[in-house]
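In what follows, a single structure is set out as structure tokens and then discussed.
Taken together, the values in this text are just the output of simple stated rules run on the coordinates, not laboratory data. Keep in mind the model is a prediction, meaning the values are calculated, not measured. Positions of Cβ are backbone-derived with ideal geometry, glycine not excepted, and every protein chain shown enters the neighbour counts.
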Amino acid sequence: MTSDRRQFLGQASAALAGLAVTPRLRLAAAPSFDLVIRGGTVVDGTGAEVFVADLGVVGDTVAAVGEIGAGQGRRVVDASGLHVAPGFIDIHTHSDPDVLAYPTTDSRVRQGVTTELAGNCGGSAAPLVGLGVAERREEWKADGLDADWTDVASYLSRVEKAGISVNHALLVGHGTLRSNAIGDVDRPLSAEEMRGVARALEEALDQGVFGLSTGLEYVPGRYTPPSEIVALARLVARRGGLYASHMRNEEARLLEAVAEAIEVGRSSGARVEIAHLKAAGEANWPKQQAALDLLESARRDGVAVLADAYPYTAYSTGLTNLMEGWAREGGTAAILGRLRDPAARARIRREVEAQVKDEPGGWDRVVVSRVKTERNRAAAVGRSLVEIGGAWGVDPVDACLRLLEEEDTAVSFVGHAMSPQNVERVLRHPLVMIGSDGSSMAPVGKAAESRPHPRSYGTFARVLGFYARERGTFDLPTAVRKMTSLPADQVGLSDRGRIARGKKADLVVFDAAKVRDTATFDDPHRFPEGISLVVVNGVAVVERGAHTGARPGRVLRRG
Ligand SMILES: [Zn+2]
């Protein structure tokens, strides 16, 4: 008998003796739960001690937590020996609009994710209006997606109509709003343009986004002065929304970037989430602890800042991000024009070479994960720039520029740049939540042709298996809290992220002794093991470790 079971039986017999009748152990005679999950060890999401209990679900809601008599469930799942947690909330994803291409969201739900917050790092699928719309539609069309929406409302209703397997919530991207207004131009907004962007933000907030994301390392985020960000964050704060920032720098100027994010929170009053906190590049590894210390001192000063992180020592992003800001201005055609101009190309070549030397620290650490065309797929995807250059008989930097040209700059890579000690240090920190930085996908179609970062498939199982169980980085209740109530509170999802009566029935049942991620950098389209049942809004989406095909996910709107 486990100590949890003993503890529960102790409570139950005390209740019988009339000494400590807890209401949740006393159930009305009427049966009729749609689903009973019997005898699981409950990790309720708050970080509290686990306890053994039955869960009764009616419709989309947890109606009872306690002891449920026989014959009371229309369906009964035996979870004895297994753990039951709230469905995981992935606070950092890029599933907009991928969720439309992969509505069964296999990569997410098979690891126990039941809600994802998309629209991160400054880019959101909506609004799709203003400048650059045709180019973005074209990009998505190449992925087989007909992007027919305009504002946030029409995007969200398109997702609703499609029917998806997990809950979908959205941030609006600052980069998206700014590009829509003036394009990817390196200058401050005029007062009138600023009013236009502010109006667009307010409209998005009215239509249900949970806040604003920035991508200040990207274009056009990097062209944006901090004053513009603070002004927009004030509007977000007024509505109780979230300000999530992919910071200006995660390398040599990491600490300045953390300070900027905190300052946005301090001057605007918005809750702040620092995206995928890391120190990239070996020379910058010693800065990691200082970055965490900055978060702590900001919290002491009353700034509501948290960070998210994924459990891997590599990041993933677009290859154009190796270029300096000037070289990325004005969109794809302008970048390609510079690559054709000998003087500009020579400067770009020099700068990209220097960047890679500094971070991630060599071309062998830059591994191509996705290209746009068939032409380079076999030669490039899954290979480092050293390997690609070797095969082409050119320097890695020239292979990089050639790929960018031949693929209309649409190349993604995985950069191996973080230390295992720092990844663990960040994950363990009490101000850090788990966020995958991944997307909804499945091992079919366009996704299957890419070799994405394994985080899309493995993040949450890796936290439970490798970090909680094998490394002992934290105990299980702490791990689960980082993926449930902590993000729920940060986003403002009051009815999810905890197991309690009246909360939504988003649930995951797993074997704590066996759960593990199997997705790797070489073979990323692999589902985790040890996750047997995933329930979204009361409906089983994963059963006996396989997708049921059900699509009970909802679009979540703020307010
Ligand atoms: Zn990011």
Cβ-based charge dipole, the chain, positive-most Cα from 280, 527, 380: 527
Can you give the helix-only mean residue ellipticity at 222 nm for the chain, where every DSSP H stretch with n ≥ 4 adds -39500 (n - 2.57) and the sum goes over all residues, rounded to the nearest 500 deg cm²/dmol? -10000 deg cm²/dmol
Rounded to the nearest 5, what is the percent of antiparallel bridges among the DSSP beta bridges in the chain? 55
Residue-count net charge about residue 516 - beta-carbon cut-off 9 Å; Lys, Arg +1, Asp, Glu -1: 0
Would you mind checking 161/446; 278/482; 161/503 for any pair whose Cα atoms are more than 19 angstrom apart? 161/446; 161/503
Nearest 20 debye, what's the magnitude of the dipole of region 423-559 about its Cα centre given +1 on Lys and Arg Cβ and -1 on Asp and Glu Cβ? 480
What is the distance in Å between the Cα centroid of region 313-351 and that of region 60-86? 55
Among trypsin sites (Lys or Arg not before Pro) in region 215-255, those in a DSSP loop whose Cβ has at most 12 other Cβ atoms within 10 Å are none
Would you mind getting the Kirkwood hydrodynamic radius of region 308-371 from its Cα pairs, rounded to one decimal in Å? 13.1
Using only the C-alpha atoms of the chain, find the volume of their convex hull and express it per residue in Å³. 139
Volume per residue, Å³, of the convex hull around the alpha-carbon atoms of region 27-165? 138
Once amide H atoms are placed 1.01 Å from N in the peptide plane, what residues at a sequence separation of 5 or more from residue 120, or on another chain, have their amide H within under 5 Å of its amide H? 93
What does the net charge come to around residue 492 if you take all other residues with beta carbon closer than 13 Å to its beta carbon, with K and R at +1 and D and E at -1? +2
Full-stretch length increase - residue 290, residue 61 - with 0.36 nm per residue and alpha-carbon distance subtracted: 78.2 nm
Note the full-extension length gain between residue 32 and residue 336 as 0.36 nm times their separation in residues minus their Cα-Cα distance, in nm to one decimal. 103.1 nm
With everything on Cα atoms, drop me the angle between helix 288-300 and the longest principal axis of the chain, reported from 0 to 90° to the nearest 10. 60
Quick one: length gained pulling residue 253 to residue 192 fully straight, 0.36 nm per residue minus the C-alpha distance? 18.8 nm
Residue-ordered couplings for region 183-188, obtained by feeding phi - 60° into the Karplus form 6.51 cos²θ - 1.76 cosθ + 1.60 and rounding to whole Hz (Gly and Pro as x), are x, 8, 10, 8, 7, x
Tell me which of 198, 219, 244 sits at the most positive position along the dipole axis of region 165-267, charges placed on C-beta atoms (Lys, Arg +1; Asp, Glu -1). 198
When every alpha-carbon pair in region 210-263 is counted, what percent end up more than 18 Å apart? 27
Local charge sum around residue 542 (other residues, Cβ-Cβ under 14 Å, Lys/Arg +1, Asp/Glu -1)? -1
Sequence of 306, 171, 476 once ranked by neighbouring C-beta atoms within 10 Å, starting from the fewest: 476, 306, 171
